[in-house]
Amino acid sequence: MSNDFLKQVDRAFTRAAALTDQDPALLEHIKRCKSTYYFTFPLKRDDGRLETIEAWRAEHSHHKLPTKGGIRYSTEVTENEVIALATLMTFKCAIVDVPFGGAKGGIKINRANYSDRELERITRRYTFELKRKNFIGPGIDVPAPDYGTGAREMSWMVDTYNSLSSGELNSLACVTGKPVAQGGIRGRTEATGRGVYFGVREACAVDDDMHEAGLKAGIRGKRVVIQGLGNVGYHAAKYLSEAGAVLVGLAEYNGAIHNPDGIDLTKAIDYFRAHSTLIGYPGANDVENSQDALLLDCDILVPAALENQITSKNAGEIKAKIIAEAANGPTTFQADEILRQRGCIVLPDTYLNAGGVTVSYFEWVKNLSHLRFGRMQKRFSQASQRRLVDSLQNLVDKKFAPEDLAQITRGADEADLVDSGLEETMVDAYAQVRNTWDELRKKHGVDKVDMRDAAFASAINKIAVCYDDLGIFP
Ligand code: GLU
């Protein structure tokens, strides 16, 4: 399966690479993973048993340093999966212009089978091993959360790193996605889902593309199915529904629900928490086999779980006109071909879920600058906006309503600035990918190039520039 996944990623790269004018030898170099560290370590279980834990960290590209990418805890983790995911990170970072090479890590465990104390021991030992081999550090390789990990694991990582590098001024920047109290940044948890929302909003705003797909412009009223209600899926669902999209289907690994009139996200999540399944939720019909949820009648399908979900087996039956890849690698190479022929717009993972690493970048910059965003200018902006409002009020001899006044003279804090930086990044990157798509379609034919090709091609060209003056290639 994961061997397949790496092949899928390589094929997607190769397809797009052929659309660029880059030297084939350079393309081969860009494609290959630069270093992989596989290691095992012993874990003493709470009951005294000894177990061997398998772990990896892959650094796909060193064209910019540090390398960057999450740490995944899953029984499906393999070396090839980690390499495939690290590869995607390289292109993702290039697409949104964050100055990192791609990396990914993984530990082969089912986190549900371990106590919190065991998970802490595993995470700390993993960090120790990375540090020992120079696979972690603010200027070397900076992990972050991924499937099965979150702020808590990152806090164990930063604490272990700190204890091994006393006096290193920038040590907090060795990992991102930390709790705010430990050098994290406001907005990181929501970032990937929030970025998915911005990306879908940008795509839905292009009249011509929507027309071609047989849809009206705008998010309002669009029928959405979300697969996976983890951190990414949940936040994507939240922001899309707040913008007026209708959640007609929600899927979890053990069952899905469907209601063409819309599902209340909060109630469905509460039900899921209480029952550990969506099945039986009173506000919708059950879809016993989760995979069937991908085939529900809708406008936008958001795979937000794991890779290899949309395959040659089900792609022909998918009704959605827009596939919004919130997960990494949810669509196989063969499925891509089918979807393209059917005129679906696939918003590729390398662009669409880059909000997470974008806000990780902000967190890393915050840690390196040792200064919270907004701290210097908040009061200053408040005071100057207040002066502007006062003069306006005097001029027209009218007063603003108190709520409006408070809003106008607020002054941006860290959460506002992170959100604004994320929006700017997703809007700008969409414009770049969309332009490349246009150019490539004009050159090679409308049905020959999809948005994934455009995203890869645009990233490849940016990465190639980094090799320009190195004298490695003629
Ligand atoms: N794991 C996330 C991803 O796949 C975030 C990586 C990061 O923030 O470094 O993009």
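In this structure, K399 does not qualify as touching a residue at least 60 places away in the same chain (Cβ under 8 Å) and either exposed (fewer than 14 other Cβ atoms within 10 Å of the Cβ) or within 16 Å of the ligand (Cβ to nearest atom) (or both). Screening A12 with (1) touching a residue at least 60 places away in the same chain (Cβ under 8 Å); (2) touching a Lys or Arg at 6+ places or on another chain (Cβ under 7 Å); (3) surrounded by fewer than 16 Cβ atoms within 10 Å (Cβ to Cβ); (4) over 30 Å from A173 (Cβ atoms) gives one miss only, at (3). Within segment 400-453, restricting attention to residues that are of a type in the set (G, A, S) and assigned to a loop (DSSP other than H, G, I, E, B), the residue that is farthest from P348 (Cα to Cα) is A401.
Condition test on G187, is it within 14 Å of the ligand (Cβ to nearest atom) and crowded, with 24+ Cβ neighbours inside 10 Å? No. Pairs linking a residue in segment 454-472 that is part of a loop (DSSP other than H, G, I, E, B) to a residue that is at pLDDT below 95 and open to solvent by less than 10 Å² (accessible area, probe 1.4 Å), with Cβ atoms under 8 Å and 6 or more positions apart or on different chains, do not occur. How many residues does segment 422-453 contain that are among the β-branched types (V, I, T), surrounded by 16 or more Cβ atoms within 10 Å (Cβ to Cβ) and in contact (Cβ under 8 Å) with a residue 40 or more places away in the chain? Adding up the residues that qualify gives 3. Candidates in segment 123-151 are the residues that are open to solvent by less than 10 Å² (accessible area, probe 1.4 Å) and farther than 26 Å from A304 by Cα; of these, the one that is farthest from the chain's Cα centre (by Cα) is E129. Taken over segment 303-331, the residue count meeting the criterion of being among the polar types (S, T, N, Q) and closer than 21 Å to G199 by Cβ is 3. Out of segment 107-136, which residues are aromatic (F, W, Y) and either in a helix (DSSP H, G or I) or under 11 Å from I53 (Cβ atoms) (or both)? Listed by number, the residues that qualify are Y114, Y126, F128.
Evaluated against (1) within 16 Å of the ligand (Cβ to nearest atom); (2) without any contact (Cβ under 8 Å) to a residue 60 or more places away in the chain; (3) crowded, with 23+ Cβ neighbours inside 10 Å; (4) farther than 13 Å from V196 by Cα, A335 falls short on exactly one condition, (1).
Restrict the check to segment 23-31 and report whether at least one residue is more than 16 Å from the ligand (Cβ to nearest atom), assigned to a loop (DSSP other than H, G, I, E, B) and touching a residue at least 60 places away in the same chain (Cβ under 8 Å). Within segment 23-31, one or more residues are more than 16 Å from the ligand (Cβ to nearest atom), assigned to a loop (DSSP other than H, G, I, E, B) and touching a residue at least 60 places away in the same chain (Cβ under 8 Å).
Results for (1) assigned to a helix (DSSP H, G or I); (2) exposed (fewer than 14 other Cβ atoms within 10 Å of the Cβ); (3) within 14 Å of the ligand (Cβ to nearest atom), shown as yes or no for each residue.
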{"residue": "N367", "(1), (2), (3)": "yes, no, yes"}
{"residue": "R372", "(1), (2), (3)": "no, no, no"}
{"residue": "F380", "(1), (2), (3)": "yes, yes, no"}
{"residue": "S391", "(1), (2), (3)": "yes, yes, no"}
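Is it the case that segment 85-98 has a residue that's out of contact with any helix residue (DSSP H, G or I) (no Cβ under 6 Å at 6 or more places or on another chain), polar (S, T, N, Q), away from the ligand (no atom under 14 Å from the Cβ) and assigned to a helix (DSSP H, G or I)? Taking every residue of segment 85-98 in turn, none turns out to be out of contact with any helix residue (DSSP H, G or I) (no Cβ under 6 Å at 6 or more places or on another chain), polar (S, T, N, Q), away from the ligand (no atom under 14 Å from the Cβ) and assigned to a helix (DSSP H, G or I). Sub-9 Å Cβ pairs linking a first residue in segment 212-227 that is surrounded by fewer than 23 Cβ atoms within 10 Å (Cβ to Cβ) to a second residue that is of a type in the set (S, T, Y), at least 6 apart or interchain, are I219/Y197, ordered by first then second residue.
The values are calculated or read from the model by the stated rules, or taken from the named source; none is laboratory data. In this text, all values refer to a predicted model and were calculated from it rather than measured experimentally. No Cβ is skipped: glycine too gets one built from the backbone with ideal geometry, and neighbour counts run over all protein chains shown. Just the protein is used for accessible areas: all its heavy atoms, side chains included, with ligands, DNA and RNA removed. Shrake-Rupley method; radii C 1.70, N 1.55, O 1.52, S 1.80 Å.
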